[in-house]
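Undergrad: One structure follows; several queries about it will come next.
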Amino acid sequence: MGWSFDIVERSKKEFIAELTDDRHFADGYKYIDHRVVGNHLWTLAMRPDGSKFISLDLIAKERNGGYGNKSMSEDSGPYYYDCPLSLLDKTSPTESINAIEWRGKVREYHARNKNKAQPVPGMIVTSYGQEYKLVEPCATRRGWIVIGVWNNQKYRMPASHLSKALVEN
């Protein structure tokens, strides 16, 4: 399945409003609720039989101003697990193996992140096989200033690297 792009220039908020409109779904399907996590639009919808399920729209911005999306349902077992539990908890039981496995991975993702230590100055983390000591946060979402334990040099560790780093006990 591919991406669908639109050349109409509009805001991300307007694009999301279009994706959450009942007209975006096939006949008989109904929009219930949604959450946006970065560029992931998670939607709780209802099938014609009354069962509730999750769908995901990946969102991307076109260079010329339009937005695009790639849609998939939990039945296809998307490889994204940041679906909010507030939506997942409202779904109906399912017999789809892909959806069952995907729901389990979403719950694992949230359990893992819930127990993750929050970064604080002085904390030692391991990233890409090297140990770093956290000094201070950079601007919002820009990561941290760190010192390489092995060479005492300062670096900026991007937030994406820090989120994957292992915390030393």
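Undergrad: Just to be sure, is LEU56 part of a strand (DSSP E or B) and within 26 Å of THR43 (Cβ to Cβ)?
TA: Answer is yes for this residue.
Undergrad: Which members of the range 74-92 meet the condition of being assigned to a loop (DSSP other than H, G, I, E, B), among the polar types (S, T, N, Q) and surrounded by 13 or more Cβ atoms within 10 Å (Cβ to Cβ)?
TA: THR91
Undergrad: Quick check: anything in the range 26-45 of a type in the set (Lys, Arg), buried (at least 16 other Cβ atoms within 10 Å of the Cβ) and closer than 24 Å to ASP89 by Cα?
TA: No, the conditions are met nowhere in the range 26-45.
Undergrad: While we're here: Right, LEU85: assigned by TED's automatic domain parsing to the domain that holds ARG107, touching a strand residue (DSSP E or B) at 6+ places or on another chain (Cβ under 9 Å) and at pLDDT 95 or above or not?
TA: no
Undergrad: If I ask for residues that are touching a residue at least 24 places away in the same chain (Cβ under 8 Å), among the small types (Gly, Ala, Ser) and closer than 20 Å to HIS110 by Cβ, which ones from the range 30-72 would you list?
TA: GLY38
Undergrad: Could you identify the single residue in ARG141, ARG103, ARG107 that is of a type in the set (Lys, Arg) and not assigned by TED's automatic domain parsing to the domain that holds HIS24?
TA: Sole residue among the options that is of a type in the set (Lys, Arg) and not assigned by TED's automatic domain parsing to the domain that holds HIS24: ARG141.
Undergrad: Find the residue count for the range 51-92, including only residues that are touching a Ser or Thr at 6+ places or on another chain (Cβ under 8 Å), of a type outside the set (S, T, N, Q) and more than 25 Å from TRP3 (Cα to Cα).
TA: Number satisfying all stated conditions: 0.
Undergrad: Which pairs have Cβ atoms under 8 Å, sit 6 or more apart or on different chains, and link a residue in the range 120-148 that is under 12 Å from ALA165 (Cβ atoms) and of a type in the set (Ser, Thr, Tyr) to one that is outside any strand (DSSP E or B) and at pLDDT below 90?
TA: Filtered contacts from the range 120-148: THR126/ALA165; THR126/GLU168; SER127/HIS161; SER127/LEU162; SER127/LYS164; SER127/ALA165; TYR128/HIS161; TYR132/ALA165.
Undergrad: Since GLU95 meets every condition but one in (1) surrounded by fewer than 14 Cβ atoms within 10 Å (Cβ to Cβ); (2) assigned to a loop (DSSP other than H, G, I, E, B); (3) in contact (Cβ under 8 Å) with a residue 12 or more places away in the chain, which condition does it not meet?
TA: Just one mismatch for GLU95, condition (3).
Undergrad: May I ask you to list the residues in the range 126-162 that are in a strand (DSSP E or B) and over 25 Å from GLY38 (Cα atoms)?
TA: Within the range 126-162, THR126, GLN130, GLU131, TYR132, LYS133, LEU134, VAL135, VAL146, ILE147, GLY148, LYS154, TYR155 qualify.
Undergrad: While we're here: Within the group VAL125, VAL167, VAL135, VAL120, which residue is touching a Ser or Thr at 6+ places or on another chain (Cβ under 9 Å), over 30 Å from SER55 (Cα atoms) and among the β-branched types (Val, Ile, Thr)?
TA: Every option except VAL167 fails the conditions.
Undergrad: Could you figure out which of (1) at pLDDT 95 or above; (2) at positive phi isn't true of GLY77?
TA: (1)
The values are calculated or read from the model by the stated rules, or taken from the named source; none is laboratory data. None of the values given here were measured: they were computed from a predicted structure. Here the Cβ is made from the backbone with ideal geometry for all residues, glycine too, and neighbour counts use every protein chain on show.
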